[in-house]
Amino acid sequence: MKNIILSARGLCKSFAHNGGQIHILSHVDLDLYEGDFTVIMGASGSGKSTLLYALSGMDPASAGEILYAGKNLVNIKEDALCLLRHTDFGFIFQQIHLVSNLSLFENVAVPGYLNKKHSATNVRKRAEELLSKVNLSDVKTHLPFQVSGGEAQRCAIARAIINNPKLLFADEPTGALNRKNTLEVLDLLTRLNREGQSILTVTHDIRVALRATRLLYLSDGKIIGELSLSPYTPEQEKNRETQINSWLTSMEW
């Protein structure tokens, strides 16, 4: 039986607007499991990104609980949340957010230095290993504007995992990429998951959904469907796509 990494119970998110409340998330219950590649799908405006940011502690929930390592993230102080995001969580964004005046190597290494759990020598060694893992060793001294979008996103993934996060969060990680770069990034995420990295991503892209071991469907701020899948292999991609499309149709996607 899989271990639970993070749980949400009765999670709500709302905003004040024109004297009333707009409800984005409505009493979401969710368990995330170790080793899963979990993908959340849903129509635009369904609350996918809001849910991801709430679960990661980057955007405070309005009500409910987010349970991680014996703590309720809804209640802990911001400095403790900030530390948790440095040590236990990794983040990948659609807008890649590399620091423009730092080299790719420096972009990857800086979060490791900030962690302060490892020596500078060990951080540099791990950064070198990760850049090799994502096939960027040849361009590690380049600035972000000197590389392709796919290379920049692979650098961002290396940066996200330098501190060996327990859970990797990704918000539309292929949304700004062309087809070739999308496939390169998805191959990398799939490989990381096979090596044991737990991943939670939100997307509207069926190509991302194909790599999932677990699909969740969000509608009007509620999880209304779930589909479990075997680990991805290219050989069964067509059958897998048919299965996922049938499921999405049943969700009225």
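The values are calculated or read from the model by the stated rules, or taken from the named source; none is laboratory data. Please read these numbers as outputs of a predicted model, since none were measured by experiment. Using ideal geometry, Cβ is built from the backbone for each residue, glycine included, and neighbour counts are taken over all protein chains shown. The accessibility values were calculated without ligands, DNA or RNA, using every heavy atom of the protein model including side chains. Shrake-Rupley method; radii C 1.70, N 1.55, O 1.52, S 1.80 Å.
Some observations on this one:
- Residues that are outside any helix (DSSP H, G or I) and open to solvent by 10 Å² or more (accessible area, probe 1.4 Å), drawn from region 177-209: L177, N178, E195, G196, Q197, H204, D205
- Every residue from region 118-147 that is in contact with a Ser or Thr (Cβ under 7 Å, 6 or more places away or on another chain) and either open to solvent by less than 30 Å² (accessible area, probe 1.4 Å) or of a type in the set (K, R) (or both): L131, K140, P144
- N164 satisfies every condition listed in (1) part of a helix (DSSP H, G or I); (2) surrounded by fewer than 19 Cβ atoms within 10 Å (Cβ to Cβ) except (1).
- For region 2-24, the set of residues classified as open to solvent by 40 Å² or more (accessible area, probe 1.4 Å) and within 15 Å of S198 (Cβ to Cβ) consists of K2, N3, I4, listed by residue number.
Okay, residues lined up against (1) closer than 30 Å to L177 by Cβ; (2) in a loop (DSSP other than H, G, I, E, B); (3) touching a strand residue (DSSP E or B) at 6+ places or on another chain (Cβ under 9 Å):
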{"position": "R9", "(1), (2), (3)": "no, no, yes"}
{"position": "S14", "(1), (2), (3)": "no, no, yes"}
{"position": "S46", "(1), (2), (3)": "yes, yes, yes"}
{"position": "T50", "(1), (2), (3)": "yes, no, yes"}
{"position": "H86", "(1), (2), (3)": "yes, no, no"}
{"position": "G112", "(1), (2), (3)": "yes, no, no"}
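- Scan region 33-46 for residues that are touching a helix residue (DSSP H, G or I) at 6+ places or on another chain (Cβ under 9 Å) and buried (at least 22 other Cβ atoms within 10 Å of the Cβ) and the total you get is 5.
- Filter result for the condition that a residue is over 24 Å from V99 (Cα atoms), of a type in the set (A, V, I, L, M) and either surrounded by 16 or more Cβ atoms within 10 Å (Cβ to Cβ) or free of Cβ contacts under 8 Å to residues at least 12 places away in the same chain (or both), over A212, A156, A152: A212
- Among residues of region 47-98, those that are out of contact with any helix residue (DSSP H, G or I) (no Cβ under 6 Å at 6 or more places or on another chain), farther than 29 Å from L248 by Cβ and of a type in the set (A, V, I, L, M), counted: 10
- Each residue in region 125-149 was checked for being in contact (Cβ under 8 Å) with a residue 24 or more places away in the chain and either closer than 20 Å to Q94 by Cα or in a helix (DSSP H, G or I) (or both), and 14 pass.
- Scanning region 221-247 for residues that are in contact with a Lys or Arg (Cβ under 6 Å, 6 or more places away or on another chain) and surrounded by 15 or more Cβ atoms within 10 Å (Cβ to Cβ) yields a single hit, Y232.
- Some residue of region 65-86 being in contact with a Phe, Trp or Tyr (Cβ under 8 Å, 6 or more places away or on another chain) and under 27 Å from H204 (Cα atoms): yes
- Residues in region 155-172 that are under 14 Å from A109 (Cα atoms) and of a type outside the set (G, A, S): 7 in all.
- Here A152 does not qualify as within 27 Å of I206 (Cα to Cα), among the hydrophobic types (A, V, I, L, M, F, W, C), in contact with a Ser or Thr (Cβ under 7 Å, 6 or more places away or on another chain) and not in a loop (DSSP other than H, G, I, E, B).
- Residue match in region 12-22 (condition: touching a residue at least 24 places away in the same chain (Cβ under 8 Å) and of a type in the set (A, V, I, L, M)): no
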